[in-house]
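Asker: What follows is a structure written as C-alpha cells; I'll ask about it next.
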Amino acid sequence: MLVNAAGPWVTSVLDAAGGGREPARVQLVKGSHVVVPRAYVGDHALILQNSDRRIVFMIPYEQRFTLIGTTDVAVASLDEARAIGTEETRYLLDAVNRYLAHPLFTRDIVWSYTGVRPLYDDGSNNPSETTRDYTLTVDDRDGVAQLSVFGGKITTYRRLAETALDRLQPWLRHRRGNWTHGEPLPGAVPDPAIAADLLRARRPALPRPLLEALFRRHGALADELLGDARSPADLGRDFGGGLTEREVAWCVEREWAACADDVLWRRTKAGLHMNVAQRAGFAHWFDRQRHRPATIA
C-alpha cells in the first residue's frame with residue numbers, strides 16, 4: 001500500500017502515482033513566525049486575541065527568546081512561501097504590540113521561518129476558515145491501497161495515524177490496535193529533572209550548559225549521542241552556540257540532516273545562539289564535509 005503524507009507536495013505525489021478517483025484539491029496556506037529576545041517574564045505561553053478574530057501566540061523559546069506566530073496567507077505555489085513577507089511581519093508585530101508594555105520593532109527580530117499548510121480545499125475563500133482537520137482519501141488501485149493525507153497538524157499526528165490505519169483496515173492482514181496515544185517519543189523520560197541530573201553526574205567534566213542544551217534537544221538520547229565522550233576534546237570541533245562536531249554527526253546519521261540549515265535551524269536551533277561569523281563558519285565547514293561524509297562521522 002502507499003501512504004502519501006507528502007505535505008504540500010501531496011497532490012504532486014498523487015498525480016505521479018496515477019491520480020485518484022476524484023481530482024484532489026489542496027489549498028496552500030503560508031504560516032510564518034518570528035523570534036525575538038524574551039519579550040515577557042515567565043515560562044507561560046500567551047494567547048492573544050487579534051482584531052481580525054484570529055489568535056496569535058507568544059511562546060517561550062530556546063531559553064532566551066520568544067516565538068510569535070502565526071500568519072495565514074493563501075499562496076498559489078511553494079515558490080511564494082520561501083520566506084516571511086513584509087506584511088506578515090507587520091501583522092505579527094502589530095498583533096502583539098496591542099498587548100505589550102514595551103513594543104517590538106522589526107529590528108528586534110532575530111530569526112523568522114515559514115511553513116506551508118496543505119489544507120484540503122473545501123471551497124472557502126478565507127484561509128483562516130478553511131478546515132484544519134485532516135482529510136484522508138483512499139483509492140483501491142488494482143488491489144493496492146493508496147491513501148493520501150490532506151491537512152492535519154503536528155498536534156494531532158497520533159490521532160491521524162490511527163485514523164489512517166482504520167481506513168486501511170480492509171487491506172491489512174494484522175491489526176495491533178490503537179496504541180500511539182501512550183507511546184513515549186524517542187528520548188522521553190518520566191522525570192526529566194532526574195534524568196538531566198543523572199546525565200550531568202555521569203559526565204562531570206563536560207560543561208553544564210552544553211549538557212543541558214543536549215538534554216533539551218535529545219532527552220535521554222543525549223547519553224547515547226555523547227557515547228564515550230568524557231571531556232570537551234572528545235566532542236570534536238566546537239562551532240559555538242553549544243553545537244559540537246559530535247552532535248552534528250548525530251544529526252547527519254540519525255536525523256537525516258543534509259545541509260547546514262538542517263542542523264542550525266531544523267534540528268538543534270543552535271543558530272539562534274551563534275553569531276553571524278560562527279554560522280558562516282559552520283556552513284562552510286559542513287559544505288566541505290558533504291563531499292567527504294566519512295569525516296563527519
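The values are calculated or read from the model by the stated rules, or taken from the named source; none is laboratory data. Since the model is a prediction, treat every value here as computed from it, not as a measurement. When we count neighbours, we look across all protein chains shown, and the Cβ atoms used for this are built from the backbone with ideal geometry, even at glycine.
Asker: When the residues of region 112-139 are narrowed to those that are at pLDDT 90 or above, within 23 Å of LEU165 (Cβ to Cβ) and among the aliphatic types (A, V, I, L, M), which ends up nearest to the chain's Cα centre (by Cα)?
Answerer: LEU136
Asker: Also, I was wondering about something else. Of everything in region 148-185 that's of a type in the set (Lys, Arg) and not in a loop (DSSP other than H, G, I, E, B), which residue is nearest to ALA220 (Cα to Cα)? Steps first, answer last, please.
Answerer: From region 148-185, those of a type in the set (Lys, Arg) are 153, 158-159, 167, 173, 175-176; that's our starting set.
Subsequent filtering for residues that are not in a loop (DSSP other than H, G, I, E, B) retains 158-159, 167.
On the way: ARG158: 21, ARG159: 25, ARG167: 34 Å.
Checking each candidate, the answer is ARG158.
Asker: May I ask you to list the residues in region 79-92 that are more than 16 Å from ASP52 (Cα to Cα) and surrounded by 13 or more Cβ atoms within 10 Å (Cβ to Cβ)?
Answerer: GLU80, ALA81, ILE84, GLY85
Asker: Shifting gears a bit: Kindly list the number of the only condition in (1) crowded, with 17+ Cβ neighbours inside 10 Å; (2) of a type in the set (Ser, Thr, Tyr); (3) at pLDDT below 95; (4) not in a helix (DSSP H, G or I) that fails for THR71.
Answerer: So THR71 meets the others, but not (3).
Asker: Does region 144-153 contain at least one residue that is free of Cβ contacts under 8 Å to residues at least 40 places away in the same chain and out of contact with any Leu (no Cβ under 9 Å at 6 or more places or on another chain)? Before the answer, list the steps.
Answerer: The initial filter retains those residues of region 144-153 that are free of Cβ contacts under 8 Å to residues at least 40 places away in the same chain, namely 151-153.
Cutting the leftovers down to out of contact with any Leu (no Cβ under 9 Å at 6 or more places or on another chain) gives us none.
Within region 144-153 (the criterion being free of Cβ contacts under 8 Å to residues at least 40 places away in the same chain and out of contact with any Leu (no Cβ under 9 Å at 6 or more places or on another chain)), the answer is no, since none of the residues qualifies.
Asker: Now, a different point. From the list GLY115, GLY7, GLY19, which residue is small (Gly, Ala, Ser) and outside the structural domain of LEU172 (by TED's automatic domain parsing)? Please lay out each step first, then the result.
Answerer: Values: GLY7 fails: outside the structural domain of LEU172 (by TED's automatic domain parsing); GLY19 fails: outside the structural domain of LEU172 (by TED's automatic domain parsing).
Being small (Gly, Ala, Ser) and outside the structural domain of LEU172 (by TED's automatic domain parsing) holds for just one of GLY115, GLY7, GLY19, which is GLY115.
Asker: Of everything in region 91-116, what is in a loop (DSSP other than H, G, I, E, B) and hydrophobic (A, V, I, L, M, F, W, C)? Give them in sequence order.
Answerer: Going through region 91-116, the residues in a loop (DSSP other than H, G, I, E, B) turn out to be 98-105, 109-110.
Those that are in a loop (DSSP other than H, G, I, E, B) and hydrophobic (A, V, I, L, M, F, W, C): LEU100, ALA101, LEU104, PHE105, ILE109, VAL110.
Asker: Moving on to the next point. Out of everything in region 74-95 that is modelled with pLDDT of 95 or more and β-branched (Val, Ile, Thr), what residue ends up being farthest from THR268 (Cα to Cα)?
Answerer: THR86
Asker: Given the residues ALA101, ALA76, ALA95, which is the only one that is surrounded by fewer than 16 Cβ atoms within 10 Å (Cβ to Cβ), aliphatic (A, V, I, L, M) and under 30 Å from VAL41 (Cβ atoms)? Reasoning before the result, please.
Answerer: On the way: ALA76 fails: under 30 Å from VAL41 (Cβ atoms); ALA95 fails: surrounded by fewer than 16 Cβ atoms within 10 Å (Cβ to Cβ).
The unique qualifying residue is ALA101.
Asker: Out of PRO186, PRO204, PRO209, PRO192, I need the residue that is surrounded by fewer than 16 Cβ atoms within 10 Å (Cβ to Cβ), farther than 30 Å from ASP142 by Cα and more than 26 Å from the chain's Cα centre (by Cα). Which one?
Answerer: Numbers: PRO186 fails: more than 26 Å from the chain's Cα centre (by Cα); PRO209 fails: more than 26 Å from the chain's Cα centre (by Cα); PRO192 fails: more than 26 Å from the chain's Cα centre (by Cα).
Only one candidate passes the filter, namely PRO204.
Asker: Would you call ARG98 closer than 19 Å to TYR113 by Cβ and either of a type in the set (D, E, K, R) or in the same structural domain as THR114 (by TED's automatic domain parsing) (or both)? If you could, list the steps in order and put the result at the bottom.
Answerer: Details: closer than 19 Å to TYR113 by Cβ: no; either of a type in the set (D, E, K, R) or in the same structural domain as THR114 (by TED's automatic domain parsing) (or both): yes.
Here the answer is no, as ARG98 does not meet what is asked.
Asker: Within the bounds of region 219-238, is there any residue that is in contact (Cβ under 8 Å) with a residue 24 or more places away in the chain, touching a Cys at 6+ places or on another chain (Cβ under 8 Å), within 30 Å of THR66 (Cβ to Cβ) and assigned to a helix (DSSP H, G or I)?
Answerer: No; the residues of region 219-238 include none that is in contact (Cβ under 8 Å) with a residue 24 or more places away in the chain, touching a Cys at 6+ places or on another chain (Cβ under 8 Å), within 30 Å of THR66 (Cβ to Cβ) and assigned to a helix (DSSP H, G or I).
Asker: Next up: If you take the residues of region 12-44 that are in contact (Cβ under 8 Å) with a residue 40 or more places away in the chain and among the polar types (S, T, N, Q), which of them is farthest from ASP121 (Cα to Cα)?
Answerer: Of everything passing the filter in region 12-44, SER32 is farthest from ASP121 (Cα to Cα).
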